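Report on the structure given below.
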Amino acid sequence: MTTRDDVIRRNNVSVFGHGTQPMVFAHGFGCDQNMWRYLTPHFEQDYQIVLFDYVGSGRSDLAAYDADRYATLEGYAQDVLDVVRGLDLRDVVFVGHSVSAMIGVLAANQEPERFERLVLVAPSPRYINDTPYVGGFERGDIDGLLEMMDRNFIGWANFLAPAIIKNSDRPELGAELTASFCSTDPVIARRFAEATFLADNRADLANVRVPALILQCSEDMVAPLEVGEYMHRQMPESALRVMRATGHCPHMSHPDETVALIREYLAPAPAA
């Protein structure tokens, strides 16, 4: 059985803040918990902040990596549930970026009683177009990216990271994401990329019973507007906010707008 100490060590869990309600932040592909540093100071006064790294990412225990477990997003959802169970968290506000949005959906569908709200930042249930569904990529596009990872991992990172961030007036953000991609074990990153970009979690959306906020970025090459609109239609308890933020990482490029929209969503409803 995985103990609290095992989970804290394996997933490099950090817990801080002055509140009692847990707010769990889950990073995206090729990233780690440090990417949330622009957001957490705005919530630590009111929440118990929980940060972690997926096994294979950041400062997690690489010896715990299991290729079979992490071949699908369900394995990463198990990491989320291990953290939530290990720390015995209840009424969780889960904030997930990119692929972690869907990982959070999978976790919440397994144990909805532990989650109060989902905040899905730049989510996508399916990256590949499937007429009439618009995911943003053709299968050949994804195959080409995976092949590029195999041939030239550093070149792939230097090409993709700035395009994902998009905000060319702030090149330091693209450089940070590139460095984060490059610091990941190439074999593990390749497997995580396949699990991410070939996944199809559209059928899971209708089963979500935890209220969710969908933060849809403008001009996002990874998750276009049609994706956010599709998710909103499929998720019965969702709210959609289209951001002014461009690119795929608004928590890094536009933290003030991201914080404001999350605060607005989590604010208690006014008394009747």
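The values are calculated or read from the model by the stated rules, or taken from the named source; none is laboratory data. Just so it is clear, the model here is predicted, and its values are computed rather than measured. FYI the Cβ positions are ideal-geometry reconstructions off the backbone, even for glycines, and counts take in every protein chain you see. All accessible areas refer to the heavy atoms of the entire protein, side chains included, with ligands and DNA or RNA removed. Shrake-Rupley method; radii C 1.70, N 1.55, O 1.52, S 1.80 Å.
Heavy atoms of the protein chains alone define the surface here; on that basis segment 138-252 has 45 Å² accessible area per residue at 1.4 Å probe size. Per residue, segment 1-126 exposes 36 Å² of accessible surface when a 1.4 Å probe is rolled over the protein heavy atoms with every protein chain present. The distance between label points at residue 45 and residue 66 comes to 4.3 nm (points 7 Å beyond Cα on the Cα→Cβ vector). Taking amide hydrogens as placed 1.01 Å from N in the peptide plane, the amide H of residue 48 sits under 5 Å from those of 19, 20, 21, 23, each at least 5 positions away in sequence or on another chain. Comparing 163, 269, 92 along the charge dipole axis of the chain, the residue lying farthest to the positive side is 269, per the Cβ-charge model.
What percentage of all Cα-Cα pairs in segment 1-138 are separated by more than 27 Å? When all Cα pairs of segment 1-138 are counted, 17 percent exceed 27 Å. Other residues whose C-beta falls under 13 angstrom from the C-beta of residue 259 contribute a net charge of -2, scoring Lys and Arg +1 and Asp and Glu -1. Counting every C-alpha pair in segment 228-272, the share spaced more than 18 angstrom apart comes to 43%. A cut-off under 14 angstrom between Cβ atoms defines the neighbours of residue 41, and their net charge, with Lys, Arg +1 and Asp, Glu -1, is -1. Projected over every direction and averaged, the convex hull enclosing the alpha-carbon atoms of the chain yields 14.0 nm². What does the net charge come to around residue 186 if you take all other residues with beta carbon closer than 14 Å to its beta carbon, with K and R at +1 and D and E at -1? For residues surrounding residue 186, the net value is -1. As a fraction of the 1.4 Å probe accessible area of the chain, surface on carbon and sulfur atoms comes out at 49 percent.
Around the Cα centre of the chain, unit charges on the Cβ atoms of Lys, Arg, Asp and Glu (plus for the first two, minus for the last two) sum to a dipole of about 260 debye. One chain, two ends: residue 110 and residue 131. Fully extended at 0.36 nm per residue, the span grows by 4.6 nm beyond their Cα-Cα distance. Residues in segment 177-190 carry Karplus couplings, in order, of 5, 4, 4, 5, 4, 5, 7, 7, 4, x, 5, 5, 4, 4 Hz; the curve used is 6.51 cos²θ - 1.76 cosθ + 1.60 with θ = phi - 60°, and Gly or Pro positions show x.
Pop the C-beta distance of residue 264 and residue 81 into the FRET formula with R0 = 35 Å and round what comes out to the nearest 0.05. The pair residue 264/residue 81 has a calculated efficiency of 0.80. Each Lys and Arg Cβ is given +1 and each Asp and Glu Cβ -1; about its Cα centre, segment 100-197 then shows a dipole of about 60 debye. For segment 74-219, taking Cα atoms only, Rg and Dmax work out to 16.3, 44 Å respectively. For the pair residue 6 and residue 159, label points projected 7 Å from Cα toward Cβ lie 4.1 nm apart. Computed about the Cα centre, the dipole magnitude for segment 47-121 is approximately 200 debye when only Lys and Arg (+1) and Asp and Glu (-1) carry charge, each at its Cβ. In plain terms, if you count all Cα to Cα distances in segment 30-87 and split them into 5 Å steps from zero, the share in each step is 4, 17, 22, 25, 17, 9, 5, 1 percent.
Computed from backbone phi with θ = phi - 60° and the Karplus coefficients 6.51, -1.76 and 1.60, the 3J(HN,Hα) list for segment 145-150 is 5, 5, 5, 5, 4, 5 Hz; x is used for glycine and proline. Cα centroid separation, segment 1-64 to segment 192-261: 21 Å. For segment 23-39, the Karplus equation 6.51 cos²θ - 1.76 cosθ + 1.60, evaluated at θ = phi - 60°, returns couplings of 10, 9, 9, 10, 6, x, 4, x, 10, 8, 5, 4, 5, 8, 5, 7, 9 Hz by residue, with Gly and Pro reported as x.
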